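Read through the structure below, which is laid out as structure tokens, and then see the notes.
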Amino acid sequence: QDASDPMVLINPPLALTDADGLTSDRPIAQHDIVVYGQKGAPGSSGDQTRDVEMAAFLLRDHFHRNRFSVQPSGFHVIDVRATGPVAAPVDDEETVARLVSLTVRLRRIP
């Protein structure tokens, strides 16, 4: 409640699947990252729409095809793919949100 806008939320894994082999554990985790801000009159100082979009594109650029952007312990990152940003659902007309989805393919380190 005390967080200021714009705000970034990293949600727990949306899905956890696998691409296991006979002798290797290869989980695939999907995460959503959402950037929220205040929507105001276009061009007004209270409108954070452009800041939210810029932050979402920077997140996408940081993670997409950069396997070193995440380092979960006990796993080797095969690759990271980012999709979006796309408009995310909001609770009211005064909020703007953009969502970036990550698919992280992993291989357990024996």
Simple spin-label estimate for Leu16/His76, 7 Å along Cα→Cβ, in nm, reads 2.2
So, over other residues within a Cβ distance under 15 Å of Thr23, counting Lys, Arg +1 and Asp, Glu -1, the net charge is 0
Simple SL model, points at 7 angstrom along Cα→Cβ for Glu94 and Ser44; separation in nm is 1.0
With Cα coordinates, the longest principal axis of the chain makes an angle with the long axis of helix 49-63, in degrees rounded to 10, of 10
In units of 2.2 N^0.38 Å, the Cα radius of gyration of the stretch 48-110 is 1.37
So the carbon and sulfur contribution to the accessible area of the chain, 1.4 Å probe, in percent, is 53
Under the helix-only model (-39500 (n - 2.57) for each DSSP H run of 4 or more, divided by the residues of the chain), the mean residue ellipticity at 222 nm, to 500 deg cm²/dmol, is -4500 deg cm²/dmol
For the chain, dividing by residue count, accessible area per residue (probe 1.4 Å) in Å² works out to 67
If N is the residue count of the chain, its Cα Rg over 2.2 N^0.38 Å rounds to 1.26
With Rg from the Cα atoms and Rh as the Kirkwood inverse mean 1/r over Cα pairs, the stretch 15-71 has an Rg/Rh of 1.23
Measure of exposure for Phe63: accessible area at 1.4 Å probe, Å² rounded to 10, is 30
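The values are calculated or read from the model by the stated rules, or taken from the named source; none is laboratory data. Please read all numbers here as calculations on a predicted model, not as lab measurements. For neighbour counting, all protein chains shown are included, and Cβ atoms are generated from backbone atoms with ideal geometry for every residue, glycine included. Ligands, DNA and RNA are excluded from the accessible area calculation, which covers all protein heavy atoms including side chains. Shrake-Rupley method; radii C 1.70, N 1.55, O 1.52, S 1.80 Å.
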